[in-house]
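Participant: One structure follows; several queries about it will come next.
What follows is calculated from the coordinates using simple rules that are stated; it is not laboratory data. Please read all numbers here as calculations on a predicted model, not as lab measurements. Please note: Cβ atoms are built from the backbone with ideal geometry, for glycine as well, and neighbour counts cover all protein chains shown.
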Amino acid sequence: MMDQSTDCLFCRVIAGKLPAKKVYEDKHVFAFEDINPQAPTHVLIVPKKHLSGLKEATAKDADTIGRCHLAAAEIARQRGIENGYRTVLNVGSGAGQSVFHLHVHLLGGRNLGWPPG
Ligand code: AMP
Ligand code: ZN
């Protein structure tokens with residue numbers, strides 16, 4: 001049985017075993033600065049409970065996933081980027097998912113093109 005807290009990168013961040021710039025934390029959610037930012041604001045919001053990705057989510061995860069998005073909205077409010085920001089879930093390696101602990105990207109602080117690449 002895999003020990004998520006040691007084998008998963010973001011579980012290690014949440015446990016404080018890997019350094020990260022924390023932005024926000026509550027009972028369900030942890031948020032930190034992306035190590036390779038793609039915009040002036042690039043924050044990752046993750047559920048504290050390990051969940052591989054959206055594909056693996058079920059109805060019992062709905063509250064957690066919703067809370068991640070509400071945390072993104074709150075961070076955007078605090079940073080004054082509400083003129084235009086984007087929340088992104090990359091789902092599967094074909095879409096660029098490289099860390100298999102569900103994370104919402106919050107991107108903002110610059111003009112964001114559409115469609116995304
Ligand atoms: P994704 O490609 O959607 O799976 O996103 C993974 C994101 O995690 C990328 O934007 C990486 O820059 C970011 N990342 C990887 N390792 C770390 C880390 N140790 N601390 C913060 N962000 C990270
Ligand atoms: Zn994890």
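Participant: Treat each spin label as a single point 7 Å out from the Cα along the C-beta direction, and report the residue 28 to residue 52 distance in nm.
Facilitator: Distance between label points: 2.3 nm.
Participant: A follow-up question, please. Normalised by the number of residues in the chain, what is the relative contact order in percent for Cα pairs under 8 Å and 6+ residues apart?
Facilitator: Taking the mean separation of contacting Cα pairs over the length of the chain, I get 28 percent.
Participant: Here's a follow-up. Starting from the Cα coordinates of the chain, work out the convex hull volume and express it per residue in Å³.
Facilitator: About 115 Å³ per residue, rounded to a whole number.
Participant: In which sequence would 86, 67, 77 go, from the one with the fewest C-beta neighbours within 10 Å to the one with the most?
Facilitator: Ascending number of Cβ neighbours within 10 Å: 77, 86, 67.
Participant: Ordered by packing density, taken as the mean number of other Cβ atoms within 10 Å over each peptide's residues, highest first, how do 27-36, 42-51 rank?
Facilitator: My ranking of the peptides, most packed first, is 42-51, 27-36.
Participant: Here's another thing I want to ask about it. Taking only the C-alpha atoms, wrap a convex hull around the range 33-94 and report its volume per residue in Å³ as a whole number.
Facilitator: Dividing the Cα hull volume of the range 33-94 by its residue count gives 109 Å³.
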